[in-house]
Ligand SMILES: Nc1ncnc2c1ncn2[C@@H]1O[C@H](COP(=O)(O)OP(=O)(O)O)[C@@H](O)[C@H]1O
Ligand SMILES: [Mg+2]
């Protein structure tokens, strides 16, 4: 088992800077997820930890040892790729044991470790098959088995479930979670899917254009995003953003003017705002209430309703044309084109300044 520590880690390809100074501590035994949009540098960062990509500047430590210039094979890490990367002509058994054979492990040891991994991954019945005789989920399990037998201190996963269908992804997500509990190894897992990040992680690292936007537990990121990027990226369906202005502010409260002549008073929580200042109000669809009247009400027209059974999603246009998504209970009904008034509860509202930085977060979780 091993901790991973990055200090001001940078990567440039030629003149193009891709990773722009990353500081990060992953604790021993932690399940850490790197999440961010495609192209933000997740794989590059993971490959630098794996030793598959040289580090342009900065320092990498694994289990307290400087690994910046250590060869990949000597870092005590094992990586699982999206593409599985199995040998098509080898059986499952040989694929799993291949790495150990290459490093000259004794035969009995290879057999023992291979059998343990096969048990853990329920591959026992298919050890003599070739990859072409396996489903996508089974192939990815073989790739994970190949990592397990190496008994690494750190497992590195690069979008391992992206090639699987939705139901299988959910199942494999749970299996990898159980594996983490059994092995108690450090795991770093890359995904662009925030639901995977939320469900699997002890710690989420939100990356954007080669910089860390925020590090925190799933619920910290959900309740207390530091900026609009994290607020918009974490949570599904996405947080609503409404443009508005500060109509008045004192030590205790901030009064907002919102689309469609709506007015909302938020407790200031120590945040400073000045009259006339442009702001963005953030509120998650699950926190908007379908109910008429009073402070913080906004009027809109239902453009689309999605009936999911467990919940109903309404997509509204407000009177000024801005969009509002609302997650209501599964019994809610409204026809497209009908008018709807919603309430934005003050304790569910986040406020962002023009630079997209958080001025105040919702207080629901306190
Ligand atoms: N070997 C390379 N040479 C040049 N540019 C690269 C190389 N590898 C990755 N990049 C660029 O670095 C950026 C980040 O890529 P990557 O780490 O794969 O993103 P992610 O995994 O988050 O989708 C992308 O713009 C990609 O084009
Ligand atoms: Mg990638």
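The values are calculated or read from the model by the stated rules, or taken from the named source; none is laboratory data. Keep in mind the model is a prediction, meaning the values are calculated, not measured. Quick reminder, even Gly has a Cβ in these numbers, built from the backbone with ideal geometry, and neighbours come from all protein chains shown.
Here residue 153 meets each of (1) over 32 Å from the mean Cα position of the chain (by Cα); (2) crowded, with 17+ Cβ neighbours inside 10 Å with one exception, condition (1). The condition of being in contact with a helix residue (DSSP H, G or I) (Cβ under 9 Å, 6 or more places away or on another chain) and within 16 Å of ligand 2 (Cβ to nearest atom) does not hold for residue 41. Being in a helix (DSSP H, G or I), at pLDDT below 95 and within 22 Å of residue 177 (Cβ to Cβ) is the requirement here; does residue 143 meet it? When the stated conditions are applied, residue 143 passes them.
Is it the case that residue 66 is assigned by TED's automatic domain parsing to the domain that holds residue 26, out of contact with any strand residue (DSSP E or B) (no Cβ under 6 Å at 6 or more places or on another chain) and modelled with pLDDT of 95 or more?
Working: assigned by TED's automatic domain parsing to the domain that holds residue 26: yes; out of contact with any strand residue (DSSP E or B) (no Cβ under 6 Å at 6 or more places or on another chain): yes; modelled with pLDDT of 95 or more: yes.
So residue 66 passes the test.
Screening residue 46 against (1) assigned to a helix (DSSP H, G or I); (2) more than 19 Å from residue 180 (Cα to Cα); (3) within 12 Å of ligand 2 (Cβ to nearest atom) leaves a single unmet condition, (2).
Residues that are without any contact (Cβ under 8 Å) to a residue 24 or more places away in the chain number at least 3 in the following strands (runs of 3 or more DSSP E) confined to the range 256-366: 311-318.
When residue 320 is tested against the conditions (1) closer than 30 Å to residue 366 by Cβ; (2) out of contact with any strand residue (DSSP E or B) (no Cβ under 7 Å at 6 or more places or on another chain); (3) surrounded by 13 or more Cβ atoms within 10 Å (Cβ to Cβ), the lone failure is (1). Checked against (1) closer than 20 Å to residue 148 by Cβ; (2) at pLDDT 95 or above; (3) more than 15 Å from ligand 1 (Cβ to nearest atom), residue 46 passes all but condition (3). Please verify whether the range 30-37 includes one or more residues that are surrounded by 22 or more Cβ atoms within 10 Å (Cβ to Cβ), part of a helix (DSSP H, G or I) and within 16 Å of ligand 1 (Cβ to nearest atom). Checked the range 30-37: no residue is surrounded by 22 or more Cβ atoms within 10 Å (Cβ to Cβ), part of a helix (DSSP H, G or I) and within 16 Å of ligand 1 (Cβ to nearest atom).
The set of residues in the range 158-192 that are touching a strand residue (DSSP E or B) at 6+ places or on another chain (Cβ under 8 Å) and on the phi > 0 side of the Ramachandran plot contains only 159. Any residue at all in the range 73-88 that is more than 26 Å from the chain's Cα centre (by Cα), in the same structural domain as residue 153 (by TED's automatic domain parsing) and without any contact (Cβ under 8 Å) to a residue 40 or more places away in the chain? Scanning the range 73-88 turns up at least one residue that is more than 26 Å from the chain's Cα centre (by Cα), in the same structural domain as residue 153 (by TED's automatic domain parsing) and without any contact (Cβ under 8 Å) to a residue 40 or more places away in the chain.
When residues in the range 127-136 are screened for being part of a helix (DSSP H, G or I) and buried (at least 18 other Cβ atoms within 10 Å of the Cβ), 1 of them pass.
Of everything in the range 73-100 that is within 16 Å of ligand 1 (Cβ to nearest atom) and within 28 Å of residue 25 (Cβ to Cβ), the residue that is surrounded by the fewest Cβ atoms within 10 Å (Cβ to Cβ) is 81.
Within the range 1-17, the set of residues being within 12 Å of ligand 1 (Cβ to nearest atom) and surrounded by fewer than 20 Cβ atoms within 10 Å (Cβ to Cβ) comprises 12, 13, 14, 15, 16, 17.
Any idea which of 138, 171 is within 23 Å of the chain's Cα centre (by Cα), at pLDDT below 95 and either away from ligand 2 (no atom under 16 Å from the Cβ) or in the same structural domain as residue 82 (by TED's automatic domain parsing) (or both)?
171
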